[in-house]
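For reference, the structure discussed in these notes is given below.
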Amino acid sequence: MNIIGPDALVFGVDDVAACAQYLTDYGLTPAGDGRFEALDGTAIVIAHKDSAGLPPSLGTANMLRKTVYGVADQAALDAIAAELGRDREVRRLGDGSLEAVDDMGFVLGFQLSVRRPLDLRAEAVNAPGAGVRRAVNMPAVDEGAQARPRSLSHVVYFVPDTQKAEAFYSERLGFRCTDRLLGAGPFLRPGGSEDHHTLFLIQTPPFMKGCEHFTFHMGGPTEVMLAGTRFVNKGYQSFWGPGRHKMGSNWFWYFNSPLGCHVEYDADMDSHDDSWIARQAPMSADASQLFLFQSREKWAPGGPPGK
């Protein structure tokens, strides 16, 4: 099935104003009706938790109410409706999208993707043997450079049964496992994406079921550092990072949020086709990250003034 990836995540939140400010400071653009967009139109949507029309809560502290996947065409929508309709209700909404519930109780939406094509330069570096890049107002030397989220990358679920959850996405929706952390769960990508993962499932006790984090792709590691530093300077609390993962090899920086989950910046995620053979490793700090830094205030070497 030609599922491209998550187009939007819908949250029912306690404090709409705080969440709106957080998402704006994170770098998303307010687009009306509680929608906050990245450069390609993928988005986070927020509403008060008691708003009419929101899907029901999972009954946990997590506030995610719906994951909306973008698909390539109407044929993909019809195929999803036929497949899921074999054993569960599939609702056709007024905007032409579909809505159903996965085997863990997460509400899913499927729509013709809203993603806008992007024509933006990726981060480049100079290296011996790789030709020369002239430094003319490049982001690496420009503290005022734009660092905007480009596209909704992935979402991570806490689930009480990773085997059952994975089976639903792989057998019913055509997701493939790219890598697996034993004791945690699988990284999954849909058929219409080459990203290492758009979904990661983590085994937890039932009471923790919900969204652990979501993230948007940035233009490169420098943009992760720029955006994360600006976020810290606005008073938001760093949770994990900056650093670089092993599986997927993406750069990361996670923050606490008022949305009941963590929020990440990421960049330079691996791309895969169907020839990739999934790796596996026991879950550990060494398997989770190649290296990890810690943010601190700017510093320069030197002694007392005048010396």
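Give, as a single signed number, the net charge of other residues whose beta carbon lies under 12 Å from the beta carbon of Asp161, with Lys and Arg counted +1 and Asp and Glu -1.
-1
With all pairs of different alpha carbon atoms counted, what Kirkwood hydrodynamic radius in Å does segment 73-130 show? Please list the in-between numbers first.
On the way: mean 1/r = 0.0694 Å⁻¹.
It works out to 14.4 Å.
At what distance in angstrom do the alpha carbon centres of segment 44-75 and segment 205-262 lie from each other?
When both Cα centres are located, 21 Å separates them.
On alpha carbon coordinates alone, what is the Rg over Rh value for segment 118-223, Rh being the Kirkwood radius?
Result: Rg/Rh = 1.12.
What are the ³J(HN,Hα) couplings of segment 245-260, residue after residue, when phi is run through the Karplus curve with 6.51, -1.76, 1.60 and θ = phi - 60°? Round to Hz, x for glycine and proline.
6, 7, 7, x, 6, 6, 5, 8, 7, 9, 9, 5, 8, x, 8, x
Send over a whole-number figure in Å² for the accessible area per residue of the chain, probe 1.4 Å.
Normalised by residue count, the accessible surface of the chain is 48 Å².
With each run of n ≥ 4 DSSP H residues scored as -39500 (n - 2.57), what mean residue ellipticity at 222 nm is computed for the chain after dividing by its residue count and rounding to the nearest 500 deg cm²/dmol?
-4000 deg cm²/dmol
For segment 281-296, just list the computed ³J(HN,Hα) in residue order, Karplus coefficients 6.51, -1.76 and 1.60, θ = phi - 60°, integers in Hz, with x standing in for Gly and Pro.
With the stated coefficients, segment 281-296 comes to 8, x, 5, 6, 4, 5, 6, 7, 9, 6, 7, 9, 10, 9, 5, 8 Hz.
For the chain, take the longest principal axis of its alpha carbons; what is the angle in degrees between that and the long axis of helix 16-26, to the nearest 10 within 0 to 90?
Helix 16-26 and the main axis of the chain meet at about 50 degrees.
GNM on the chain, C-alpha springs below 10 Å: top fluctuator among Trp251, Trp240, Trp276?
Looking only at Trp251, Trp240, Trp276, the biggest GNM fluctuation is shown by Trp276.
Have a look at Gly59, Gly220, Gly191 and tell me which one the Gaussian network model of the chain (Cα, springs below 10 Å) gives the largest fluctuation.
Evaluated over the chain, the most mobile residue of the options is Gly59.
Taking amide hydrogens as modeled 1.01 Å from N in the peptide plane, which residues meet the under 5 Å criterion relative to Ile3, leaving out close sequence neighbours?
Sorted by chain and number, the residues that satisfy this are Gly191, Gly192.
Compute the acute angle (0 to 90°) between the alpha-carbon long axis of helix 221-233 and the principal axis of greatest extent of the alpha-carbon atoms of the chain; round to the nearest 10°.
90
Between Arg150 and residues 5 or more places away or on another chain, which pairs have amide H atoms under 5 Å apart, with H built 1.01 Å from N, and which residues are they?
Amide H to amide H, under 5 Å and 5 or more residues apart or across chains, Arg150 pairs with Leu39, His217, Met218.
Taking amide H positions as placed in the peptide plane 1.01 Å from N, state which residues far from Leu199 in sequence (5 or more) or on other chains have amide H under 5 Å from it.
Long-range HN contacts for Leu199: Val155, Leu188.
Among Ile4, Ile44, Ile277, what's the order by accessible area (1.4 angstrom probe), most exposed first?
Working: Ile4 45, Ile44 0, Ile277 135 Å².
Listed by decreasing accessible area, they come as Ile277, Ile4, Ile44.
Out of every Cα pair in the chain, what percent are spaced more than 37 Å from each other?
Of all Cα-Cα pairs in the chain, 15 percent lie more than 37 Å apart.
A 30 angstrom limit on the alpha carbon distance is what I want to check against. Which of Lys209/Lys246; Lys49/Lys164; Lys164/Lys246; Lys209/Lys298 exceed it?
Correct reply: Lys209/Lys298.
At a 1.4 Å probe, what is the % contribution of carbon and sulfur to the accessible area of the chain? Mind showing how you got there, number by number?
On the way: 7800 of 14850 Å².
The nonpolar share, carbon plus sulfur, comes to 53 percent.
Restricting to bridges with both residues inside the chain, how much of the DSSP beta-bridge set is antiparallel, in percent to the nearest 5? Let's see the in-between values first.
Working: 46 of 71 bridges.
Of those bridges, close to 65 percent are antiparallel.
Relative to the first principal axis of the alpha-carbon coordinates of the chain, what is the inclination of helix 74-84, with its axis defined by its Cα atoms, in degrees from 0 to 90 and to the nearest 10?
60
Using the Karplus equation 6.51 cos²θ - 1.76 cosθ + 1.60 (θ = phi - 60°), what ³J(HN,Hα) coupling, rounded to whole Hz, does each residue of segment 165-182 give in order, writing x for Gly and Pro?
5, 4, 4, 4, 6, 7, 7, 9, 10, x, 6, 10, 7, 9, 7, 9, 9, 5
The values are calculated or read from the model by the stated rules, or taken from the named source; none is laboratory data. In this text the structure is predicted, and so the values were computed from the model without any measurement. All Cβ positions, glycine included, derive from the backbone under ideal geometry; neighbour counts span all protein chains shown. Areas reflect the complete protein model, heavy atoms only, side chains present, ligands, DNA and RNA absent. Shrake-Rupley method; radii C 1.70, N 1.55, O 1.52, S 1.80 Å.
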